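Report on one structure; see the data block that follows.
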Amino acid sequence: GLPLLLSWREGGILGEMLKDNEPASAISFQTGKGIQTAPTDPTALHHRRHFPLPIKELQRRWCSSMVKIDVGRRILTNDPRFARNVSVLVLTGERRQESPNRELYARVLVHASDAPRWNRRVTQVRPVLGWKEDRVWDIIRRSGIVAHPCYHLGFARASCMTCIFNEEAEWATVRDVAPSHFREIARLERELGTTVKIPEKKGQPAPTVGQLADRGTSTVPAHAQAWRRQAMSETWTMPIRVSPSDWVLPAGAFTGGHGPT
């Protein structure tokens, strides 16, 4: 019975990536009564023309900071529901097992949108921070929740399909499942004169997505054709929940995966 309210950076990651001394795009979000827009500072100009870098510094891996973190923060500071005299709980799903950087995360912290002067208290909690992957899949199984299609196609994590952290197998799978998306990344590499990855060794050129995909093998199981179609559809047609006894562990579970550093 929880309402689903969406939020986004106008133009998305691509719009930010193509900025040439332009301000960041506005943030839009649903309030339950319509769509509201939060403008950005027109004097803060960004010149990118480059893929976000797969490193931990969010200034250079701006896809996370600009299109995820800042969007969430700006909703909490611009939506009238959260303006003042309110206590807000922000739940996020990071886990320490995912990366060395996330091992250092606090489980409970004051959120960046907290504002005592407005009596707006915002607390962030990471409830599964200490969980191992087996515990995550176990609670999903016990609840009978069907896993996201990407896991059934062999991906180890649900992120952007053409994520900068993708490695050989992921790029081979994207080329297999979503060839038009793959071709667009390759086209952007040529247009921008840069690659989605950084050099593997100092002094060597970074591999292109085509080279990465050629090194890898698609992870889509032979029996997963229905999931292939569902993954690329804008309409959900498959079950959302099933009996725990009928639940199937997806192919991508326990396969490692390459995520944020």
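The values are calculated or read from the model by the stated rules, or taken from the named source; none is laboratory data. Here the structure is a predicted model, which is why all the values come from computation and not from measurement. Here the Cβ positions follow ideal geometry from the backbone for every residue, glycine too, while neighbour counts run over all protein chains shown. When the accessible area is computed, the model is the full protein with side chains, heavy atoms only, and any ligands, DNA or RNA have been set aside. Shrake-Rupley method; radii C 1.70, N 1.55, O 1.52, S 1.80 Å.
For residues in segment 19-56 being farther than 20 Å from Arg74 by Cα and within 19 Å of the chain's Cα centre (by Cα), which is most open to solvent (accessible area, probe 1.4 Å)? Give the steps one after another, and end with the answer.
Of segment 19-56, the ones farther than 20 Å from Arg74 by Cα are 19-21, 47-56.
Pick out the ones that are also within 19 Å of the chain's Cα centre (by Cα) and you get 50-56.
Values: His50: 67, Phe51: 11, Pro52: 5, Leu53: 29, Pro54: 18, Ile55: 33, Lys56: 112 Å².
Filtering segment 19-56 for residues that are farther than 20 Å from Arg74 by Cα and within 19 Å of the chain's Cα centre (by Cα), the one most open to solvent (accessible area, probe 1.4 Å) comes out as Lys56.
Per-residue answers, yes or no, for (1) closer than 27 Å to Asp138 by Cβ; (2) among the hydrophobic types (A, V, I, L, M, F, W, C); (3) not in a loop (DSSP other than H, G, I, E, B):
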{"site": "Cys163", "(1), (2), (3)": "yes, yes, no"}
{"site": "Arg183", "(1), (2), (3)": "no, no, yes"}
{"site": "Gly210", "(1), (2), (3)": "no, no, yes"}
{"site": "Thr217", "(1), (2), (3)": "no, no, no"}
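Go through segment 21-49 residue by residue and tally those that are in contact with a Lys or Arg (Cβ under 9 Å, 6 or more places away or on another chain) and either under 18 Å from Arg187 (Cα atoms) or among the polar types (S, T, N, Q) (or both).
Total satisfying the criteria: 6.
Just need a number here: residues in segment 185-208 that are outside any loop (DSSP other than H, G, I, E, B) and either among the small types (Gly, Ala, Ser) or exposed (fewer than 13 other Cβ atoms within 10 Å of the Cβ) (or both).
Quick first cut of segment 185-208, residues outside any loop (DSSP other than H, G, I, E, B) only: 185-192.
Next cut, either among the small types (Gly, Ala, Ser) or exposed (fewer than 13 other Cβ atoms within 10 Å of the Cβ) (or both) only: 186-187, 190-191.
Counting residues in segment 185-208 that are outside any loop (DSSP other than H, G, I, E, B) and either among the small types (Gly, Ala, Ser) or exposed (fewer than 13 other Cβ atoms within 10 Å of the Cβ) (or both) gives 4.
Restricting to segment 57-68, what's the tally of residues that are of a type in the set (Lys, Arg) and surrounded by fewer than 17 Cβ atoms within 10 Å (Cβ to Cβ)?
Taking segment 57-68 first, the residues of a type in the set (Lys, Arg) are 60-61, 68.
When the remaining residues are screened for being surrounded by fewer than 17 Cβ atoms within 10 Å (Cβ to Cβ), the result is 60, 68.
Residues flagged as of a type in the set (Lys, Arg) and surrounded by fewer than 17 Cβ atoms within 10 Å (Cβ to Cβ) within segment 57-68 amount to 2.
Return the residues of segment 69-112 that are open to solvent by 90 Å² or more (accessible area, probe 1.4 Å), under 26 Å from Ile13 (Cα atoms) and aliphatic (A, V, I, L, M); say none if nothing qualifies.
Listed by number, the residues that qualify are Ile69, Leu91.
For segment 128-146, state whether one or more residues are in a helix (DSSP H, G or I), surrounded by fewer than 16 Cβ atoms within 10 Å (Cβ to Cβ), of a type in the set (Lys, Arg) and at pLDDT below 95.
No.
Could you list, in sequence order, all residues of segment 49-66 that are closer than 23 Å to Leu89 by Cβ and touching a residue at least 12 places away in the same chain (Cβ under 8 Å)?
Ser64
Tell me yes or no: at least one residue of segment 113-123 is open to solvent by 30 Å² or more (accessible area, probe 1.4 Å), among the aliphatic types (A, V, I, L, M) and modelled with pLDDT of 95 or more.
Within segment 113-123, the first condition is being open to solvent by 30 Å² or more (accessible area, probe 1.4 Å), and the residues that meet it are 114, 116-119, 121, 123.
Next, from what is left, pick out any that are among the aliphatic types (A, V, I, L, M): none.
There is no residue in segment 113-123 that is open to solvent by 30 Å² or more (accessible area, probe 1.4 Å), among the aliphatic types (A, V, I, L, M) and modelled with pLDDT of 95 or more.
Write out, first by first residue and then by second, each pair whose Cβ atoms fall under 8 Å of each other, whose residues are 6+ apart or on separate chains, and whose first residue, in segment 147-169, is at positive phi and open to solvent by less than 20 Å² (accessible area, probe 1.4 Å) while the second is of a type in the set (S, T, N, Q) and in a helix (DSSP H, G or I).
Filtered contacts from segment 147-169: Gly154/Thr173.
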